[in-house]
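Computed from the coordinates by the stated procedures, all read-outs in this text should not be read as laboratory data. Since we're looking at a predicted model, the values are computed, not measured. Positions of Cβ are backbone-derived with ideal geometry, glycine not excepted, and every protein chain shown enters the neighbour counts.
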Ligand SMILES: Cc1cc2nc3c(=O)[nH]c(=O)nc-3n(C[C@H](O)[C@H](O)[C@H](O)COP(=O)(O)OP(=O)(O)OC[C@H]3O[C@@H](n4cnc5c(N)ncnc54)[C@H](O)[C@@H]3O)c2cc1C
C-alpha cells in the first residue's frame, strides 16, 4: 500500500528534525535582531553551510549533502518555521540555483560551481526587472556576442540574496528580434567587472533576506558560462520556477506552522475571565481550523514535491500548493496576531513579524493571479 504523503523515510525525518533543531537553537535567538537590522549575519550563513543545507542536492562527490529535492523542501519548511527570511535563503540556493545548475549546467559549469555552492558561495537567481515581473519574458537586459563570450548590459530588480551572492544566474536577451526565444541564462560571478549590486529594498517582511537591484554594464562573460543552450533561457526560467514554487509552498507551510506553534503556546498561558483563553471553545475552534488548513497545505506541498521527484507531471499541483499555502500562511499568521491580542501587535512578541513575512508568499515566484492562471489553463485549455 502506498505510504501516506506525510510519512517520511527515516532519513528524511532525521534530516528534517536536525534542521529544525538547528533553527530552533541557532537561528531563533537572532530572529528579531536580524529583522530589525535587515541583516543576515555571515557567521549564521556559514553555519548553514556547515550543516549541509546550502548544498542539499549537490552530490557528495562535489562536497554536497547528496540529498533529494524533497529533502530541500523539508529543509525550507523546517527553517521557515523559525524564520522565513532564512527560509528563502535556503530555498533560492537549493530549489532555484543548484536545481538549475544540476539540470542545465554543462559538466564544466557543474564542476566549477557546485562544490562552491555547497561549501561557501551563496547563489541568486536574477530574472525580474522593473518592467517585467509577471510578464517575465519582456525582460530588457541584453546580451551581445563577442569573439570569446558575451557582454551583458541591463538592470535587474528584486533579486533575493543579491547582497550575499557569489554566483548569480542571470537571464538576458541575446536576440530581441526572436522575442522570448532570444532569452539566454548565464552564470555570472560576483566581482565580474561591470556588475554592481545596487539599492537594497526596505521591505515589509522577510527583512533579513536581502533584495537588491543588480546593474550590468558591459559585463564580460566567458562563452562557457551559458547555462543550458543559447536561446533556451526561457525554458530554464519556466522549468526552474515551476519547481522552485514548491519551495515557496514549503516556506509558507513552515511559516504557518511557526505562527500556530506560538499561538498554541500563548493561549495556554494567557488568562482572561479567570481561565486560560485555550479553555474557550471559540479559541479552540480557531486553532483547530488553522491546524487543518496547515495540514491541507502541507499535503499539497509534499504531493507536488513527490510528483516532481518521481518524474510525474506536477506543474498544476505546484501552482496549487503555492497558491493555497501562501493564503494559509497569511490567514494563520493573522489569527496568531488576533489570539495574542494587543501583544500580537507589538514587536516584543514574535507573531507580528510572521504576519508581515507571510505577504510575500502571494507575490514572488509568480503572484497568486499567475498561479490561478496556470491552474485555469490546465482545466480550461
Ligand atoms: C521580496 C522579493 C523577492 C524577490 N526575489 C526575486 C528573485 O530572487 N529573483 C527574481 O527574478 N525576482 C524576484 N522577485 C520578483 C517577483 O518575482 C515579482 O515581484 C513578481 O513576479 C511580480 O512581478 P511584479 O512585481 O512586476 O508585479 P506585476 O507583474 O506588475 O503584477 C502586479 C499585479 O498584477 C497582477 N497581474 C499581472 N499580470 C496579470 C495577468 N496576466 N492576469 C491577472 N493578473 C495579473 C499580478 O497578479 C499582481 O497582482 C522578488 C520580489 C520580491 C518582492
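List of remarks:
- Above 28 Å, the calculated P(r) of the chain contains 44 percent of its Cα-Cα pairs.
- Taking the number of Cβ atoms within 10 Å of each Cβ as an exposure proxy, the fewest-first ranking of 98, 246, 14, 27 is 14, 27, 98, 246.
- Hydrodynamic radius by Kirkwood, which averages 1/r over all alpha carbon pairs of segment 212-254, in angstrom: 13.1 Å
- For segment 137-189, the fraction of C-alpha pairs more than 17 angstrom apart is 38%.
- Based on Cα contacts under 8 Å between residues 6+ apart, the chain shows a relative contact order of 16 percent.
- Largest-first principal axis extents of the Cα set of segment 218-290 (Å): 72, 23, 15
- Full extension of the chain between residue 4 and residue 178 yields a length gain of 58.0 nm, computed as 0.36 nm times the residue separation minus the alpha carbon distance.
- Working note: 222 nm ellipticity from helices only, DSSP H runs with n ≥ 4, each -39,500 (n - 2.57), summed and divided by the residues of the chain, gives -15500 deg cm²/dmol to the nearest 500.
- The calculated FRET efficiency for the pair residue 200 and residue 276, based on their C-beta separation and a Förster distance of 51 Å, comes to about 0.75.
- Crossing angle, helix 107-119 versus the chain [Cα axis fit, 0-90 degrees, rounded to tens]: 30 degrees
- Sites residue 376 and residue 261 - FRET efficiency at Förster radius 45 Å, r taken between beta-carbons, to 0.05: 0.85
- Calculated log₁₀ intensity ratio I(q)/I(0) where the Debye formula runs over C-alpha points of segment 24-174, q = 0.09, 0.11, 0.14, 0.17 Å⁻¹: -0.31, -0.46, -0.73, -1.02
- The packing ranking of peptides 123-132, 214-223, highest mean first, is 123-132, 214-223, where packing means the average number of other beta carbon atoms within 10 angstrom of each residue.
- Segment 343-367 and segment 310-332 have Cα centres separated by 19 Å.
- Taking every alpha-carbon pair under 8 Å whose residues sit at least 6 apart, segment 127-184 reaches a relative contact order of 33 percent.
- Each of 68, 141 was scored by other Cβ atoms within 10 Å of its Cβ. Arranged with the fewest first, they read 68, 141.
- Segment residue 36-residue 347, extension gain: residue separation times 0.36 nm, minus the distance between their alpha carbons: 111.0 nm
- Centroid-to-centroid separation of segment 171-196 and segment 218-296 [C-alpha atoms, Å]: 31 Å
- FRET E, pair residue 291, residue 13, Förster distance 22 Å, beta-carbon r, rounded to 0.05: 0.65
- Shape category assigned to segment 100-167 from the gyration tensor of Cα positions, a/c cut at 1.5: oblate
- Descending principal axes extents, segment 161-238, alpha-carbon based, whole Å: 37, 26, 19
- Principal axis dimensions, largest first and in whole angstrom, of segment 119-268 by Cα: 68, 32, 27
- DSSP beta bridges in the chain [antiparallel fraction, %, rounded to 5]: 80 percent
- Cα-based helix-to-principal-axis angle, 233-269 vs the chain, degrees rounded to 10: 20 degrees
- Here, segment 316-358 yields an orientationally averaged convex hull projection of 2.7 nm² when only Cα atoms define the hull.
- The C-alpha atoms of the chain define a longest principal axis, and helix 281-309 lies at about 30 degrees to it.
- Residue-span extension gain [residue 146 to residue 21] - 0.36 nm each, minus C-alpha spacing: 40.0 nm
- Calculated P(r) of segment 31-77 - Cα pairs past 12 Å, %: 66 percent
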